Amino acid sequence: LKDPEVTDIHVNGTKIMYKKAGVKINAEEEFPNEQAVRVIQDRILAPLNKSINIANPSQDAELYDGSRALLVIPPESDKPVIIIRKHNLLNVPLKELAKTTVGLTEDMQEYFKKAVKERKNIMVAGETGAGKTTFINSLGFEIQEKHVVAVLEDTREIKLHIPYVYYFKTRKGTAEAKDVTYSDILKDCLRADPDRIILTEIRTPESAYELIHVLNSGHRGSMTTIHANSCLDALLRLEMLIQEFKNLDYRIIRKLISRAVDIIVFLRLAEDEKGNLKGRELAEVVEIEGIDENGDYILKHVVGD
């Protein structure tokens, strides 16, 4: 956990595999038995007042450093599982990020700097590990110093280098404490009258609907991320999540999205033949210019086609 080059740790039964500098490595050490893995699972959950058992065979957890953990036991899995995604994101300006991102040329760096200064709403898409949050952190260096920014998260991921930032975090309810939902933190953050809102990831129907609803009433220059395999997929996934939360006509949903999102960025992972990470690529950049008479998006491709 203390190695800054290690990004992921996987425990499957007694075996341990970790990802270091993009390379997946099988650890020489193993747990002595599956009961030892269960002890570690319980230790992770104890400070959070959570437990894992046959009735509740999986739990999410946030570690002391902000890393995320998924814990699973039988009968959901065939053996105890621990998956840790470490919280050691790059937090560097675009110029530094370009060294590890194919396609982030000087021209594209200037494009994004201008987009942030002009307060375009930006959605970054990609698969897990593609660097979506890292990209948002890099864009954050271009935010005007006097802007008030509200960051909405379910896991601590964003770190901005400006003085006026409010960090709000959701929470799953327990017997002793109520849920803190995206609706709750959005309502609270609006009282701070932010110039911009950053939602670290659109994961749920609620977060999708609430964000688009708010962006249609102001807060230009906001940012978010979403899991998707292309810019178009990002739009379709956003539509699906909004529809799941509130049953609206698809043309209304597309009109709301086209007014709320100005630019979509798609980041792609590059792997070698063994599945190890080689780097990341700025694969697509698309500007949304509205919808046509048929209800289809009018898209302008800046990168990709």
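The values are calculated or read from the model by the stated rules, or taken from the named source; none is laboratory data. All of these numbers come straight from a predicted model, not from anything done at the bench. Counting neighbours? That spans all protein chains shown, and the Cβs are built from the backbone with ideal geometry, glycine included.
Checking each residue of the range 285-304 against the condition of being touching a helix residue (DSSP H, G or I) at 6+ places or on another chain (Cβ under 8 Å), modelled with pLDDT under 90 and farther than 19 Å from H227 by Cβ gives no match.
Has the range 184-194 got at least one residue that is in contact with a strand residue (DSSP E or B) (Cβ under 9 Å, 6 or more places away or on another chain), farther than 26 Å from F112 by Cα and without any contact (Cβ under 8 Å) to a residue 12 or more places away in the chain? So far as the range 184-194 goes, no, none of its residues is in contact with a strand residue (DSSP E or B) (Cβ under 9 Å, 6 or more places away or on another chain), farther than 26 Å from F112 by Cα and without any contact (Cβ under 8 Å) to a residue 12 or more places away in the chain. Does V92 satisfy the criteria of being in contact with an Asp or Glu (Cβ under 8 Å, 6 or more places away or on another chain) and among the β-branched types (V, I, T)? Against the criterion (in contact with an Asp or Glu (Cβ under 8 Å, 6 or more places away or on another chain) and among the β-branched types (V, I, T)), V92 does not qualify. The numbered conditions (1) surrounded by 14 or more Cβ atoms within 10 Å (Cβ to Cβ); (2) not assigned by the TED database to the domain that holds I143 are all true for A98 except (2). Pairs please, first residue from the range 129-151 and within 27 Å of I9 (Cα to Cα), second anywhere and among the acidic types (D, E), Cβ atoms under 8 Å, 6+ apart in sequence or on different chains. Listed pairs, sorted by first residue: G129/D8; K132/E201; T133/E157; T133/E201; S138/E96.
Is it the case that some residue within the range 29-51 is under 28 Å from K159 (Cβ atoms), in a loop (DSSP other than H, G, I, E, B) and under 23 Å from the mean Cα position of the chain (by Cα)? No, the conditions are met nowhere in the range 29-51. Taken over the range 205-235, the criterion of being under 16 Å from L139 (Cβ atoms), part of a loop (DSSP other than H, G, I, E, B) and not small (G, A, S) is satisfied by H219, R220. Going through (1) under 25 Å from E289 (Cα atoms); (2) among the hydrophobic types (A, V, I, L, M, F, W, C); (3) not in a loop (DSSP other than H, G, I, E, B) one by one, I202 falls short only on (3). Got at least one residue in the range 238-249 being surrounded by 14 or more Cβ atoms within 10 Å (Cβ to Cβ), touching a residue at least 40 places away in the same chain (Cβ under 8 Å) and within 17 Å of R196 (Cα to Cα)? Scanning the range 238-249, I find no residue that is surrounded by 14 or more Cβ atoms within 10 Å (Cβ to Cβ), touching a residue at least 40 places away in the same chain (Cβ under 8 Å) and within 17 Å of R196 (Cα to Cα), so the answer is no. Out of the residues in the range 258-282 that are surrounded by 17 or more Cβ atoms within 10 Å (Cβ to Cβ) and acidic (D, E), which is nearest to V6 (Cα to Cα)? In this case the residue turns out to be E281.
Looking only at the range 61-82, how many residues end up being crowded, with 16+ Cβ neighbours inside 10 Å and either within 14 Å of the chain's Cα centre (by Cα) or not in a loop (DSSP other than H, G, I, E, B) (or both)? The total comes to 9.
Applying a threshold of 9 Å to beta carbon distances and a minimum spacing of six or more residues, or different chains, the list of pairs starting in the range 84-113 at a residue that is more than 17 Å from E284 (Cβ to Cβ) and touching a residue at least 24 places away in the same chain (Cβ under 8 Å) and ending at one that is loosely packed, with under 15 Cβ neighbours inside 10 Å and polar (S, T, N, Q) reads R85/T128; L90/T100.
Yes/no matrix, rows are residues, columns are (1) in contact with a Gly (Cβ under 7 Å, 6 or more places away or on another chain); (2) outside the structural domain of H161 (by the TED database); (3) within 17 Å of I162 (Cα to Cα); (4) modelled with pLDDT of 95 or more:
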| site | (1), (2), (3), (4) |
| --- | --- |
| V102 | yes, no, no, no |
| T105 | no, no, no, yes |
| Q109 | no, no, no, yes |
| K117 | no, no, yes, yes |
| G129 | no, no, no, no |
| Q144 | no, no, yes, yes |
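Is one or more of the residues making up the range 230-238 more than 27 Å from G129 (Cβ to Cβ), within 20 Å of the chain's Cα centre (by Cα) and assigned by the TED database to the domain that holds E289? Taking every residue of the range 230-238 in turn, none turns out to be more than 27 Å from G129 (Cβ to Cβ), within 20 Å of the chain's Cα centre (by Cα) and assigned by the TED database to the domain that holds E289.
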